[in-house]
Amino acid sequence: ANFSAIYDDHRHSRTSGIITVLSDVTEDEKVEQERREFVSNVSHELRTPLTTLRSYLEALTDGAWKDPVIAPKFLEVIQNETERMIRMVNSLLQLSRMDSKEHTLHREDIDFTPFFHNIIDRFEMNVKDEKINFNRQIPNKSFHVWIDKDRLTQVLDNIISNAVKYSPDGGTITLKIERHIRQIVVSVRDEGIGIEYDKLDKIFDRFYRVDKARTRQLGGTGLGLAITRELVEAHYGRIWANSKEGKGTTIYFTLPLINHKRRREI
Ligand code: ADP
């Protein structure tokens, strides 16, 4: 009986050893495959604006430069595509810094309420012509969170500018802070085109765009929400989306509250 117990034990540990090895290999393979996919995506995403630049430049060289109506239009396309490419490369650099953990957060104790109001004020000033209403559902209270202000500004800029981008004229964007026990839930709701249910999770993936041609026209790179998710997670928060096609989209994220009471006790 003793022998069989040892044998079983041995067999068991051998088996679990093999399982560990196998799962290590597949994990490695997965990372490698993701890396390959990423490189291929980057190349593809950069080739598209570059071929656009080439054809517009060719047209200009072939004589379009003499046409006072066409030439400025072509130059504008060239300028927009170049700007988009610069944004894309900057985003890629940021993602690569975050991947290599080089990226450090400069966190401080911030009251989220005035911080959020300031960011919304800036959007309200900048999109005056687009007839978008900003509806704030923010309690008149303090919510202390431990955040890197610049990074959280980037998070909110990405989410709110998407809401603006996909909103119809006259649409309302609702910005909310809800208090839960140990965290706040921040949300940004728009009345725009919405996102199909099965695509909701994918919008946080690198380079994912629901409608490539359309977002490209709007100057999108498909990297904004990928960076946003990494930044929220670096702050120990979660991010997700909810949407009804044709009715609008809500992006939610959480941030842990600083527990001042417990801190004093410690
Ligand atoms: P982009 O630079 O293309 O906007 P993002 O990473 O910010 O990239 O967003 C990814 C995709 O998610 C967008 O291309 C768009 O298809 C979809 N999306 C994001 N926010 C919204 C929104 N508020 N309403 C509808 N679609 C959205």
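Every number in this text was worked out from the coordinates using simple rules, so none of it is lab data. If you're wondering where the values come from, they're calculated on a predicted model, not measured in any experiment. Backbone-built Cβ (ideal geometry, glycine too); neighbour counts: all protein chains shown.
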Seminar exercise, completed: FRET efficiency for His180 and Phe134 from the Cβ-Cβ distance with R0 = 25 Å, rounded to 0.05, comes out at 0.60
Problem set entry | Cα-based helix-to-principal-axis angle, 224-234 vs the chain, degrees rounded to 10 | 40 degrees
Seminar exercise, completed: Expected unfolding gain across Lys30-Val69 under the 0.36 nm per residue rule, minus the alpha-carbon gap, is 8.9 nm
Exercise. What whole number of Å gives the distance from the Cα centroid of the stretch 63-89 to the Cα centroid of the stretch 229-262?
Worked result: 38 Å
Problem set entry | Segment Arg214-His103, extension gain: residue separation times 0.36 nm, minus the distance between their alpha carbons | 36.8 nm
Exercise. If you add up the charges near Ile239, with Lys and Arg at +1 and Asp and Glu at -1, over every other residue whose beta carbon is less than 13 angstrom from its beta carbon, what do you get?
Worked result: -2
Exercise. So between Thr61 and Asn118, what do we pick up on full extension, going 0.36 nm a residue minus the alpha carbon distance?
Worked result: 15.8 nm
Exercise. How far apart, in nm, are two points set 7 Å out from the Cα along the Cα-to-Cβ line at Glu233 and at Glu83?
Worked result: 3.1 nm
Seminar exercise, completed: Packing-ranked peptide list from 229-236, 88-95, highest mean Cβ count within 10 angstrom first, is 229-236, 88-95
Exercise. Simple spin-label model, 7 Å along Cα-to-Cβ: Trp240 to Thr172 in nm?
Worked result: 2.5 nm
Seminar exercise, completed: Residues whose built amide H sits under 5 Å from the amide H of Gly194, excluding neighbours closer than 5 in sequence, are Gly246, Gly248, Thr249
Exercise. When the Karplus curve 6.51 cos²θ - 1.76 cosθ + 1.60 is applied with θ = phi - 60°, which whole-Hz ³J(HN,Hα) does each residue of the stretch 149-158 get, with x for Gly and Pro?
Worked result: 4, 5, 5, 5, 4, 5, 4, 5, 4, 4
Problem set entry | Over 26 Å [Cα-Cα, the stretch 52-191], rounded percent | 48 percent
Problem set entry | Percent of alpha-carbon pairs separated by more than 33 Å within the chain | 38 percent
